[in-house]
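Report on one structure; see the data block that follows.
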Amino acid sequence: MEDDISSPTSTIKGTPVRQMAVFLPNRPGAFVSILDLLRASHVVVLGLSVQDSIDNTVVRLIVSDPDTVETLFIEKGIPFNSSDILVVALRDGAEQMPDCLRTLLKAETNIHFIYPLLSQPEGHAALALCVEDNHFGQSVLAKAGFKVLRQEDLSR
């Protein structure tokens, strides 16, 4: 699905990429049990960031089927939250990352966190970005020629 991102007023069609932040106790096997649960439900982890502390671990996940994951986590009583996030394709690979970040810097928008995807959508490297305003960040990146991916681009 190729979107027209050449016009500053164009909107990118599709569902925004949804990230799950899972709150786990800091004990051996906690994360593996989450991965086993997802695999048993035929859900693929596409992006991953782990932030560890003494008591808890926050695992940020981008998955192939966020609706299924939300249902699983609710049914199993696993604490999580869900939020939309920007995922940007880097057509020229990691070398394009500074240009992407510089684009957001010039627009004076804050990046709260960033991590790479494990998979390569359409054969390109990709970054997950949590910015202060997704709509603004998406617009700025699209105007600069970056392709902002949608959930449908990741969940093929």
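The values are calculated or read from the model by the stated rules, or taken from the named source; none is laboratory data. As the structure is a prediction and not an experimental result, all values here were calculated from the model. Quick reminder, even Gly has a Cβ in these numbers, built from the backbone with ideal geometry, and neighbours come from all protein chains shown.
Here is how the numbers come out for the structure above:
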read-out	value
The stretch 80-118, residues that are in a loop (DSSP other than H, G, I, E, B) and surrounded by 15 or more Cβ atoms within 10 Å (Cβ to Cβ)	107, 109
The stretch 80-92, residues that are over 17 Å from residue 154 (Cα atoms) and modelled with pLDDT under 95	92
Conditions (1) outside any strand (DSSP E or B); (2) without any contact (Cβ under 8 Å) to a residue 60 or more places away in the chain; number of the one not met by residue 57	(1)
Whichever residue in the stretch 57-113 is among the polar types (S, T, N, Q) and out of contact with any strand residue (DSSP E or B) (no Cβ under 9 Å at 6 or more places or on another chain) and, among such residues, is farthest from residue 43 (Cα to Cα)	103
Residues that are within 22 Å of residue 118 (Cβ to Cβ) and either over 17 Å from the mean Cα position of the chain (by Cα) or modelled with pLDDT under 85 (or both), drawn from the stretch 1-22	1
Within the stretch 119-156, tally of residues that are of a type in the set (Lys, Arg) and either buried (at least 21 other Cβ atoms within 10 Å of the Cβ) or in contact with a helix residue (DSSP H, G or I) (Cβ under 8 Å, 6 or more places away or on another chain) (or both)	1
Residue match in the stretch 113-120 (condition: more than 11 Å from the chain's Cα centre (by Cα), without any contact (Cβ under 8 Å) to a residue 60 or more places away in the chain and not assigned by TED's automatic domain parsing to the domain that holds residue 62)	yes
Residue satisfying all of: in the stretch 12-36; in a helix (DSSP H, G or I) and free of Cβ contacts under 8 Å to residues at least 40 places away in the same chain; nearest to residue 154 (Cα to Cα) among these	35
